[in-house]
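All of the numbers you see were taken from the coordinates with simple rules; none came from a lab. As the structure is a prediction and not an experimental result, all values here were calculated from the model. Cβ placement follows ideal geometry from the backbone for every residue including glycine, while neighbour counts extend to all protein chains displayed.
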Amino acid sequence: MRFATEQSFAGKSVFVTGHTGFKGSWLCLWLERLGAKITGYAHQPPTNPNHFDVANVADSLVNHHVADIRDEDRLASAMKEADPDLVLHLAAQSVVRESYKIPRETFDVNVMGTISVLEAVRRLEKSVSVVCITSDKCYENREQLWGYREDDPMGEHDPYGGSKGAAELAIRSYRHSFFPAERIADGVKLASARAGNVVGGGDWTKDALIVDIFKALSEGEPVQIRNPHATRPWQHVLQALSGYLTLAAKLLESNDPQFCSGWNVGPLPGSELPVQQVVEEFLAEWGSGTWLNVGDPNQPHEATLLHLAIDKAMRKLDWNPCWSTARTLRQTARWYRSYLNDPAAIRELSLTQIGEYEISMAGGVSTPVATAASKTELTTVFAGRD
């Protein structure tokens, strides 16, 4: 299984919003490796340090716009100048706990910012493929044992999840109102992708688990965790990006309207782990460290159980998750240890890890890549869920 050949993106103009963020910066490195011409549009990197700077991602760009996606005229002008074949929208307010502090801004950035991107696409008046990245938090979380499917209801308890659910509704509305399937051959091909709890080297997002672990270890302090029993579909950033790029390649290469819809990207069922186990496995990879439970019963609500059903992407996109949680944690620990020892080598290491993931996608290593039998099993497991 490969998400693309070099021909899928080689020479293509790709417009990326949120390129200075954690996922966006890794995405730009991968797109450059695939031969794309990348224009980035985002605020300055949201943290200091950050992957965009330490991996010298600016060197991978044709153009680098520092601006707000809600500035619709400026966004439309930058997009028109880039004349994109593909738009990848990642810009967002992406921190759940922060959404409780700035709920209005969270909804404004995540919903109206998405609408600004879609309006800029409309103003292009050309055929273009668009993938909007939202979140697994977009679903109405019922703490159910089986994974949420793409047609499950949108909406969440917290402002972040609510904003992502609302963004999905906006995307769906634009698809039906302005980018209908009958005009797909010469119009806009619009899809969305939802991934949860992405980890990897270069993430310094506030309140992110791996960030808290690395900070504690680098300072010689115990790791403090708020909710040790919360279960998440942990996956490496490259695994999520491989799903986004697989979907983008399908849109670029096909006029089949089935690809213009929402898609879940996540690990195989059974790969989800509670926070406590993730911390303990990371500490084992690091070779030292302890942790403390600092949970507060009065802290803002965070989901304790959240899984995604990924059978649609596996069967219709021929996409598979390649790295186990154990390998994800090994690669992440390796990245942060390298950052401590030799920050100047981080761009090379990041590109090396991308190459290693490509080898895994091609079946070059022994990882839990789904077989045809497991795909059939997934369809049976999730069939009939409502």
Compute the angle between helix 346-361 and the longest alpha-carbon principal axis of the chain, please, reported from 0 to 90 degrees and rounded to the nearest 10. 80 degrees
Which net charge results when you count Lys and Arg as +1 and Asp and Glu as -1 among the other residues whose beta-carbon is under 13 Å from that of ALA67? -3
Report the antiparallel proportion of the DSSP beta bridges in the chain as a percent, rounded to a multiple of 5. 10 percent
What 222 nm value per residue comes from the helices of the chain, counting each DSSP H run with n ≥ 4 as -39,500 (n - 2.57) and dividing by all residues, nearest 500 deg cm²/dmol? -13000 deg cm²/dmol
Given the options LEU247, LEU317, LEU268, state which has the largest fluctuation in a GNM of the chain using a 10 Å cut-off (strictly under) for Cα springs. LEU317
Go ahead and run the numbers for FRET between GLU182 and GLN7, Cβ-Cβ distance against an R0 of 25 Å, rounding to 0.05. 0.35
Using only Cα atoms, tell me the angle between helix 372-382 and the longest principal axis of the chain; keep it within 0 to 90° and round to the nearest 10. 90 degrees
Quick check: net charge around GLU182, other residues with Cβ under 14 Å of its Cβ, Lys/Arg +1 and Asp/Glu -1? +1
Stretched fully, the stretch from GLU140 through LEU292 gains (0.36 nm per residue minus C-alpha distance, one decimal, in nm) 51.7 nm
Over the chain, relative contact order from alpha-carbon pairs under 8 Å, at least 6 apart, %: 18 percent
I'm spelling it out carefully: the read-out is percent of Cα pairs over 40 Å apart, the candidates are (1) 19; (2) 8; (3) 58, and one was derived from this structure. Which label? (2)
Euclidean distance between Cα centres, the range 135-207 to the range 326-361, Å: 28 Å
Evaluate the distance, in nm, between pseudo-label points positioned 7 Å from the Cα of GLN276 and of GLU105 along their respective Cα→Cβ axes. 3.6 nm
Calculate, for GLU125 and ASP68, the FRET efficiency according to 1/(1 + (r/R0)^6) with r their C-beta to C-beta distance and R0 22 Å; round to the nearest 0.05. 0.40
List the GluC sites (Glu not before Pro) in the range 74-131 that DSSP assigns to loop (not H, G, I, E or B) and whose Cβ has at most 10 other Cβ atoms within 10 Å. Which are they? GLU125
In degrees, nearest ten, helix 72-82 long axis to first principal axis of the chain (Cα): 80 degrees
